[in-house]
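Structure, as structure tokens:
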Amino acid sequence: MAKFKLRRYILYYLGRAAAFLIYLLPVRLSVYLASFLGRIAFRILKKYRRLTIENLKTAFGGEKTDEEIEAIARRVFENLAMNAAELVNFPKITKGNLDKWVTISDPAILDEAVKRGKGIIILTAHFGNWELVGLTLREKEYRGCVIGRRIYFDKYDAWLNRLRRLHDVNVIYRDESPRKALKALKDNQIVGIVADQDVDSVEGVFVNFFGHPAYTPAGPVVLARVTGASLIPALMVREGGRHVLRVERPVELVDTGNKEQDLVTNTQKWSDIIEGYIRKYPDQWVWMHRRWKTKPHEL
């Protein structure tokens, strides 16, 4: 156990040292170098390379060749490395230069939802550079917070949250009282949720995801039904050297009176939107997560 903790500290401080050096470089250069390092990581991290390719084959089996899948997997690692370089450079982003980094595709959708006065649930995914979603919305003066999980190593968790708070992005942890999220929505704020992973410790339902049953958090739909908040999928897409926050129309929730079935139907609706983005930009999703880990017979 002691060796395991020591290893975490060593990796953390090595990471902080690397982050300091990256921060000293111009942003474009640091992101370019990160892309190169991502290719190296693809070769070195055999466990995660294998899992990424395995999941890509599960999703695209019969649709893409082995060569195409390996190329996508390599770009997945490149994208994650570029995300890390951009995260380190968050202190350089200001209200004045944000538009050089990010464009919002349709802010009118958000503005219309704000006018409804019942709050907004922004539903996003571990896609593109998802950490930019909260930053962008706060710098554009949309009030709110994000729901997240505690990272296993508290020093890294604290460092990440310091970077977030530079742009007034506040985190409500999953193990905290849900009243905080309810209050934010009651105050007509945004609550951001990243809900694209198999987390068996939270309430969920099985929906179809790339042709396979996937255990998916039910919280976004439950929260939207309880509060009347708009449920809006929004994903940060990397396009060249910039990003576009693609904002979708609010999900129209079905209400047949059958609560259990409606929960599945409505969760499927937003899951289909996320799948559509992943199909279009497969190299921008985090494929090394075991998305189909939980099986229907296990619950």
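The values are calculated or read from the model by the stated rules, or taken from the named source; none is laboratory data. It should be emphasised that the depicted structure is a prediction, and the values quoted were computed from it without experimental measurement. Methodologically, a virtual Cβ is constructed for each residue, glycine included, from the backbone with ideal geometry; neighbour enumeration extends over all protein chains shown.
Could you run through region 182-226 and say how many residues are among the small types (Gly, Ala, Ser) and closer than 23 Å to Asp255 by Cα?
Of the residues in region 182-226, 6 are among the small types (Gly, Ala, Ser) and closer than 23 Å to Asp255 by Cα.
Lys118 - would you say it is assigned to a loop (DSSP other than H, G, I, E, B) and in contact with a strand residue (DSSP E or B) (Cβ under 9 Å, 6 or more places away or on another chain)?
The answer is yes for Lys118.
I'm checking my understanding of the structure. Among residues of region 66-88 that are at pLDDT 95 or above and β-branched (Val, Ile, Thr), which one is nearest to the chain's Cα centre (by Cα)?
Checked region 66-88; the qualifying residue nearest to the chain's Cα centre (by Cα) is Val76.
Considering only region 148-186, how many residues are farther than 26 Å from Lys100 by Cα, among the hydrophobic types (A, V, I, L, M, F, W, C) and in contact (Cβ under 8 Å) with a residue 60 or more places away in the chain?
3
Collect the residues in region 50-68 that are basic (Lys, Arg) and within 14 Å of Asp283 (Cβ to Cβ), keeping them in residue-number order.
Passing the criteria: only Lys64.
Would you point out which residue out of Thr124, Thr103 is in contact (Cβ under 8 Å) with a residue 60 or more places away in the chain, under 14 Å from Met236 (Cβ atoms), polar (S, T, N, Q) and buried (at least 21 other Cβ atoms within 10 Å of the Cβ)?
Selected residue: Thr124, the only one of Thr124, Thr103 that is in contact (Cβ under 8 Å) with a residue 60 or more places away in the chain, under 14 Å from Met236 (Cβ atoms), polar (S, T, N, Q) and buried (at least 21 other Cβ atoms within 10 Å of the Cβ).
Taking Phe77, is it under 29 Å from Arg164 (Cα atoms) and in contact with a Gly (Cβ under 6 Å, 6 or more places away or on another chain)?
Taking the combined requirement at face value, the residue satisfies it.
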